[in-house]
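First comes the structure, then the notes that go with it.
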Amino acid sequence: MTPPTAKPTLLDLTPEEWRLFCERNALPKFRAKQILEWLYVHQAASPDAMLNLPPALRVLLADTFDSGRHPPVRTAESTDGTKKYLFQTHDGQFVETAMIPDGDRKTLCLSTQVGCRRACSFCMTGQQRFHGNLSASDILNQYLSCPERDGITNIVYMGMGEPLDNYEEVARSLTLFTSPDALAKSPTRLTVSTVGILPTLKRYIEECSCHLAISLHAPTHEERLRLMPVEKQYPLAEVIRLLREHPFTGQRRLTFEYAMIQNSNDSAAYAREVAALLRGMHCRVNLIPCNPLPDANLLPSPRPVIETFQNMLKRAGITTTIRKSKGQDILAACGLLSTKHQSNTPC
Ligand code: SAH
């Protein structure tokens with residue numbers, strides 16, 4: 001197994017930083033372009049493979065950086081085709097990544113933290129508490145070292161952790177995914193999901209152009225507080241006010257995620273409140289049948305209850321979909337990713 005590393009990795013630098021690296025080392029500018037091509041077009045894992053670079057530069061790269069590439073240490077596959085990978089992070093911890101196939105789409109669900117500070121009552125990652133931030137390199141590695149990498153059509157930051165509690169590294173990874181000089185993906189292929197951390201949400205809206213998903217789960221302050229402690233620090237009303245200031249028209253999509261929990265947040269009264277809250281916003285709602293946690297007594301709402309809720313929102317003019325729950329048997333479904341039992345060993 002690869003030991004934890006103290007050096008930066010080849011995947012930590014943005015295109016701009018590679019240009020500065022070349023400048024500082026008195027290298028011609030085109031070397032930055034060549035290095036980026038090796039890393040992100042040929043997806044080379046080590047400087048040894050970068051054949052058109054002078055040997056001295058290959059040695060400099062190998063001395064200065066680690067590769068950042070760590071293949072998964074374990075893979076699990078669900079009966080529905082969903083796969084779950086266990087990856088090691090730069091500081092020797094572990095995170096899980098899910099790959100969810102659906103027709104001709106393959107969505108990769110990335111983690112951004114080991115555990116999470118936000119402790120939502122229905123989420124297993126929250127129960128693990130917080131153990132550290134992933135680096136941009138750790139985030140990219142989940143894609144670059146994914147055995148299914150070439151078939152991935154969509155990337156969602158919906159794995160372990162709260163992405164906007166690790167904004168700098170998340171933003172750096174998004175730059176590398178979308179920059180024409182790196183992985184050159186369309187921002188419409190990437191979605192970041194958040195509980196709504198106001199200061200970094202504002203930055204994300206202004207500085208990034210990828211889609212946004214907000215974990216809503218309840219329409220009012222009191223009810224959301226019951227499920228999500230973050231409501232105390234960053235109340236929903238302020239999150240909605242901020243979102244309303246930035247109309248999501250055009251290519252950029254705003255989605256609200258709503259876990260349907262039996263006898264908790266799934267009644268007609270809740271649906272009416274959600275419709276009132278989102279009135280006039282350019283957005284959609286995604287209803288997720290709550291995935292039961294191994295040791296909690298939350299159950300998903302019955303299908304007819306979810307459909308009634310959906311129909312009420314649709315009648316209010318809100319595009320509302322019901323998410324298929326996938327990968328439950330390997331604990332890869334929404335809210336079930338956790339490395340609680342893996343502390344420092346994957347075996
Ligand atoms: N922290 C971010 C990223 C995680 S995304 C966020 O909360 O948005 C994971 C999505 O799954 C979130 O919408 C989360 O609220 C939801 N989720 C968590 N636990 C769940 C569960 N048990 N069943 C269904 N959805 C759940």
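The values are calculated or read from the model by the stated rules, or taken from the named source; none is laboratory data. Note that this is a predicted model, so its numbers are computed, not measured. Note that we place each Cβ from the backbone using ideal geometry, even for glycine, and neighbour counts take in every protein chain shown. Surface accessibility is based on the protein's heavy atoms, side chains included, excluding ligands, DNA and RNA. Shrake-Rupley method; radii C 1.70, N 1.55, O 1.52, S 1.80 Å.
Only one of the numbered conditions (1) within 16 Å of the ligand (Cβ to nearest atom); (2) in contact (Cβ under 8 Å) with a residue 60 or more places away in the chain is not met by Y85, and that is (1). M50 - would you say it is more than 23 Å from L190 (Cα to Cα), among the hydrophobic types (A, V, I, L, M, F, W, C) and at pLDDT 95 or above? For M50, the condition - more than 23 Å from L190 (Cα to Cα), among the hydrophobic types (A, V, I, L, M, F, W, C) and at pLDDT 95 or above - is met. Looking only at region 162-186, residues that are near the ligand (Cβ under 8 Å from one of its atoms) and assigned to a loop (DSSP other than H, G, I, E, B) come to 1 in all.
The condition (being more than 16 Å from the ligand (Cβ to nearest atom), closer than 15 Å to A6 by Cα, modelled with pLDDT of 95 or more and not aliphatic (A, V, I, L, M)) is satisfied by just one residue among D66, D91: D66. The set of residues in region 255-282 that are buried (at least 19 other Cβ atoms within 10 Å of the Cβ) and away from the ligand (no atom under 14 Å from the Cβ) comprises Y270, A271, V274, A275, L278. When you scan region 65-72, do you find a residue that is touching a Gly at 6+ places or on another chain (Cβ under 7 Å), closer than 19 Å to L144 by Cα and surrounded by 15 or more Cβ atoms within 10 Å (Cβ to Cβ), even just one? No, that holds for no residue. If you take the residues of region 309-320 that are β-branched (V, I, T) and in contact with a Leu (Cβ under 7 Å, 6 or more places away or on another chain), which of them is farthest from the ligand (Cβ to nearest atom)? The residue in question is I318. Looking at region 87-161, the strands (runs of 3 or more DSSP E) lying wholly inside it that each contain 1 or more residues that are open to solvent by 10 Å² or more (accessible area, probe 1.4 Å) and of a type in the set (D, E) sit at 94-102. In region 309-319, which residues are open to solvent by 80 Å² or more (accessible area, probe 1.4 Å) and within 12 Å of A268 (Cβ to Cβ)? Across region 309-319, the qualifying residue is only R315.
Among the residues of region 288-308 satisfying the criterion of being touching a residue at least 40 places away in the same chain (Cβ under 8 Å) and more than 8 Å from the ligand (Cβ to nearest atom), which is nearest to E257 (Cα to Cα)?
I306
Filter region 34-61 for residues that are in a helix (DSSP H, G or I), touching a residue at least 24 places away in the same chain (Cβ under 8 Å) and of a type in the set (S, T, N, Q) and give the result. Within region 34-61, none qualify. Would you be able to say whether some residue in region 202-211 is open to solvent by less than 20 Å² (accessible area, probe 1.4 Å) and part of a helix (DSSP H, G or I)? Within region 202-211 (the criterion being open to solvent by less than 20 Å² (accessible area, probe 1.4 Å) and part of a helix (DSSP H, G or I)), the answer is yes, since at least one residue qualifies.
Output the number of residues of region 22-53 satisfying the condition of being closer than 19 Å to S135 by Cα and among the aromatic types (F, W, Y).
The total comes to 1.
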